[in-house]
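Here is the structure we will look at.
Every number here is computed from the coordinates shown, using simple stated rules; none is lab data. What you are looking at is a predicted structure, and each value in this text was computed from that prediction instead of being measured. All Cβ positions, glycine included, derive from the backbone under ideal geometry; neighbour counts span all protein chains shown.
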Amino acid sequence: MSRIGKLPVVLPAGTKAELLDGNIVKVKGPLGEMSQKVDPDITVTIEGNEIKFTRPNDLPRFRSMHGLYRALVHNLVVGVSEGFTIKQEFVGVGYRVAAQGQLLTMSLGYSHDIQIMLPKEVTAETPQVRKGENPVLILKSADKQLVGQVAAKIRSFRRPEPYKGKGIKFAGEQLRRKAGKTASAK
């Protein structure tokens, strides 16, 4: 049995789930509503405040889908009840970020500022930082996949480099650093 797939998804207070035609699980909560289509071979049952998943047999295809769909529905439940947050740091001299509604403006050492429009499901905050600290961007959304994709897109504009560590990194991320050139004495 899949260790992930056999665990039931517990619905917190204020969250409701329903099973629609076509094996679609729809979850409503304080932060909105989302749905996920589940493969027809995986059986979904909603009992009280638990969603359970079962597979027909132990073929590798069914074993992999069993845990996958349980994890996807669990992410929906967490998203509509609590939401997901990603925090990014802008490390580098002159690196700045500003959010005005859905428009994000970044100054990353290029000859021009980079502007990006965020999807309406994602909100951005840029809290004030004290002098000497790195600018921070906080992305929030109910959709884990979407907020992760937006964060990866923002990071792609200036990945952290291994020598000085400059670039856009996730908060708490440990960068793999390299030693620079050394002057050898002859």
Checklist line | Mean Cα-pair separation over length for the stretch 16-63, i.e. relative contact order, pairs under 8 Å, 6 or more apart, % | finding: 26 percent
Next item on the list: Using θ = phi - 60° and the Karplus relation 6.51 cos²θ - 1.76 cosθ + 1.60, list the HN-Hα couplings for the stretch 169-178 in order, rounded to whole Hz, with x at every Gly or Pro.
Entry: 10, 6, 4, x, 6, 8, 8, 8, 9, 10
Margin query: Taking 10 °C and 1.306 mPa s as the conditions, I'd like the Stokes-Einstein D for the stretch 9-81 in µm²/s, using the Kirkwood hydrodynamic radius from alpha carbon pairs.
Written below: 129 µm²/s
Check: Relative to the longest principal Cα axis of the chain, at what angle does helix 144-156 sit, 0 to 90 degrees, rounded to 10?
Finding: 20 degrees
Check: Residue farthest toward the positive end of the dipole of the chain, with Cβ of Lys/Arg at +1 and Asp/Glu at -1: which of I154, N57, V77?
Finding: I154
Margin query: Is there a quick way to get the dipole size of the chain? I mean about its Cα centre, with the Cβ of Lys and Arg at +1 and of Asp and Glu at -1; what is the value in debye to the nearest 20?
Written below: 1240 debye
Margin query: What is the angle, in °, between the Cα long axis of helix 60-81 and the longest principal axis of the Cα atoms in the chain? Nearest 10 is fine, range 0 to 90.
Written below: 70 degrees
Check: From the residues G165, S107, V122, which one has its Cα farthest along the dipole of the stretch 84-170 in the positive direction, the dipole being from +1 and -1 charges on Cβ of Lys/Arg and Asp/Glu about the Cα centre?
Finding: G165
Checklist line | Counted charge near L139, where neighbours are those whose Cβ lies closer than 12 Å (Asp, Glu -1; Lys, Arg +1) | finding: +2
Check: What is the local net charge at D41, summed over the other residues whose Cβ is closer than 13 Å to its Cβ (Lys, Arg +1; Asp, Glu -1)?
Finding: +2
Next item on the list: Could you please report the charge total around K28, scoring K, R as +1 and D, E as -1 over all other residues with beta-carbon less than 10 angstrom from its beta-carbon?
Entry: 0
Margin query: Please check: in the Gaussian network model of the chain (C-alpha springs, under 10 Å), which one of Y163, Y69, Y95 has the largest mean-square fluctuation.
Written below: Y163
